Amino acid sequence: YDVDGTLVSATEIHYEALNNALQEVCNYSIARDEHISTYNGLPTKVKLTRLVERGNITPEAAQEVWDKKQEYTIKAINDLLKPDEQKIKMHQELKKLGLKLACVTNAIRVSAELMLKNTGQLEYMDFVLANEDFIAKPSPDGYLKAMKRFEVSPEETLIVEDSPKGLQSAYASGARVLEVEDPSETTLENILPCLY
């Protein structure tokens, strides 16, 4: 699984946290439509590099924005994310079938694991590969590393993804892909037909 947008509704958390940090440090913000079309699914450091390249923020401000964005993100995750009984039951059923489960996310490890922990899903993951572990999506690197770690082929793998960058990564890995619009579509009923 990807995390944000597939297992957890945190797209808005990341968008708001980044804009809050940008406003505080640079008096700048990213419009929602621009975020969706250009930035959604990218790691924060990539977003900041693009903002520097476009002249929206200074290189000197980028690290301060990144630090503040992480603070806002952690606070929002702790304030807003609660156990998700539907996802917990889904993972329990998939584990009963003997499936191995992992998360591959462009989010940094601390926020990815906190999102999964607060929603009650972390304990069902065999492992989490985060931003620090692979070349960021849209590269397929993270998914290929997960397959290698599980010792499975792309044909034996199902990836659940939502964002354009994540979907590009998933398809490039050669695995089967379940496209979802948001976490409400990540269900046992939607996953099971894709497995066999």
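The values are calculated or read from the model by the stated rules, or taken from the named source; none is laboratory data. Keep in mind it's a predicted model, so treat the numbers as computed, not measured. Every residue, glycine as well, gets a Cβ built from its backbone with ideal geometry; the counts of neighbours run over all protein chains shown. Ligands, DNA and RNA are stripped out before the accessible areas are found, and what is left, the full protein with its side chains, is counted by its heavy atoms. Shrake-Rupley method; radii C 1.70, N 1.55, O 1.52, S 1.80 Å.
General observations
- Extreme residue, positive dipole direction of the chain, given options Gly120, Gln168, Val110 (C-beta unit charges): Val110
- Among Leu97, Leu178, Leu18, the order of accessible area from largest down is Leu97, Leu178, Leu18, computed with a 1.4 Å probe on protein heavy atoms.
- Accessible area in the full protein assembly, largest first, 1.4 Å probe, for Asp67, Asp2: Asp67, Asp2
- When each of Lys47/Lys87; Lys47/Lys148; Lys100/Lys137; Lys96/Lys137; Lys96/Lys145 is checked by Cα-Cα distance, pairs over 26 Å: Lys47/Lys87; Lys47/Lys148; Lys96/Lys137
- A convex hull fitted around the alpha carbon atoms of the chain yields 104 Å³ per residue.
- Heavy-atom accessible surface of the range 54-146, averaged per residue, reaches 50 Å², computed with a 1.4 Å probe.
- Exposed loop sites here mean GluC sites (Glu not before Pro) with a DSSP loop assignment and at most 16 other beta-carbon atoms within 10 Å; the chain contains its longest site-free run at 1-150.
- Net dipole in debye of the chain [+1 Lys, Arg Cβ; -1 Asp, Glu Cβ; about Cα centre; nearest 20]: 360 debye
- Taking label positions 7 Å along the Cα-Cβ direction at both Glu93 and Ser29, the computed distance is 4.0 nm, reported to one decimal.
- Accessible-area composition of the range 1-156, carbon plus sulfur, in percent [1.4 Å probe]: 51 percent
- Heavy-atom accessible area, probed at 1.4 angstrom with all protein chains present, ranks Cys103, Cys26 as Cys26, Cys103, highest first.
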